[in-house]
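One structure is given here, and the rest of the page talks about it.
No lab work stands behind these numbers, since they all come straight from the coordinates. Treat the numbers as computed from the prediction; the structure is a model and nothing was measured. FYI the Cβ positions are ideal-geometry reconstructions off the backbone, even for glycines, and counts take in every protein chain you see.
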Amino acid sequence: MNESAVVRLLFEGLPPIGEQAPTALPFSPAELAASPLALPESALLPTDEGEAAETKADERTQKNVEAESADDENAQAARACTRRKTGRSAPADTESSALSGWRPREKNGVRWLERPVPGLPGPVYITGAATSSLDAARLLVEADLFPEWASVLVLSQSAGRGQMRRAWSSPAGNLYTALRLPMAPPFDSEAAAPACGALMAEALSREGCPVMLKWPNDLLQAAHELLPGVMPGREDCRKVGGMLMEERRGALIAGTGFNIISCPPSSMLRDNYAFSAGVLCRTGGTPWFSRLCEGKNDQKTGKKNKDIVTIFTLWTHLASSLFSCYSQQKTLEPWWPALAQRHLAFRGCRVTLADACPERETMVRIPCEGVVDGVTETGALRLSTAYGTATFLGGSLLPGNGEGGSIPADARSSE
């Protein structure tokens, strides 16, 4: 079994960064089980296999403990600060050991409960309420606990952020994660955001949730059938998710959020918002969160369904799909532009690109109009303008006049 295929519950939370609130509040196994992030039974190893994996993990942990002190004064001070600011204590050892499958672990001042879960590309950390998933990832990177393809899944965010440091509404029930990507092509360049967006769009499509990639890193779904060749208006598409790339100590982290059970109303969006918000839907227009209510009990047998879908299973499916799609690329030629082209929003539509940053003149910011032609290997948006083909590394795509528009045929969730 992949030794990194584990879930790590940060039951003590995470300490503050600077003067802000604790990065993550304590989150016990009982609280996890009652939350939208709960692990379904189908995600867990059978008892015998799980115990064997845990025994091997125990042996590795013992070697680590013998090699270093995991309870130094700094770690004690950090945990004391977390308890002092939150007013909550970590769960007692007796409580954690009583919950089958969880084993206590500790390294570099961070303590967690761990259990093996098959099929993960890297460890998945889970926290309760946090400032943001990116903040949690930052602390884990600094503690040398966040390898490539590791991710952290948080219950809610009090300081979630998007492009231009804009606030991101982050109540419990939606999906908020941060994933570490390899610092290798295409993620080691300006292409990182659109390449990651293309991979995420592909992964969501495989989960039955077709989306469009709004360059460079937003994900949209159509609100209704749209007209070909016309840029849609702000109410014709719904923003269901987005990504933000940050680099910390040489580690590239992709913060991701998806509206699962709720989204901010238009009144809460900035005055010049491009598209209204919406919840993630499956093909046919059914909200994805309806799957959270399906199959809790088999209608024929009345027994509990072990395959119930949760936000945890959605994220692990997406993370595994991202890893699989990336790792299968054996060619030296850039592979991701074709993937982006498949899911790119507004292909063939005349658009306005506000604050456009030409690829060859990065200090210039000008408005530009043109027809969306594609994405280049460098991550630039390619437009056909009145003066020829131009490429841009920055800018904001503005909505049309609301008469409708074209989208990729496989990204119409309401058909």
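Key figures for this structure:
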{"item": "Residue-wise HN-Hα coupling along segment 379-389, computed from phi with Karplus coefficients 6.51, -1.76, 1.60 (Hz; x: Gly, Pro)", "result": "x, 7, 7, 9, 10, 8, 10, 5, 10, x, 7"}
{"item": "Extension gain, H224 back to A159 (0.36 nm per residue minus Cα-Cα distance, nm)", "result": "20.2 nm"}
{"item": "Label-point separation in nm, T352 to A30, each point 7 Å along Cα→Cβ", "result": "5.7"}
{"item": "In nm, spacing of pseudo-spin labels at R342 and I366 (7 Å Cα→C-beta vector)", "result": "3.6"}
{"item": "Spin-label pair S262/R206, simplified geometry with 7 Å Cα→Cβ offset, distance in nm", "result": "3.2"}
{"item": "Ranked packing of 255-265, 122-132, most packed first, by mean Cβ within 10 Å", "result": "122-132, 255-265"}
{"item": "Order by protection proxy (mean Cβ within 10 Å, highest first), peptides 101-114, 379-392", "result": "101-114, 379-392"}
{"item": "Stokes-Einstein translational diffusion, segment 218-265 - Kirkwood Rh over all Cα pairs, 0.890 mPa s, 25 °C, in µm²/s", "result": "188"}
{"item": "FRET E, pair E377, N108, Förster distance 35 Å, beta-carbon r, rounded to 0.05", "result": "0.35"}
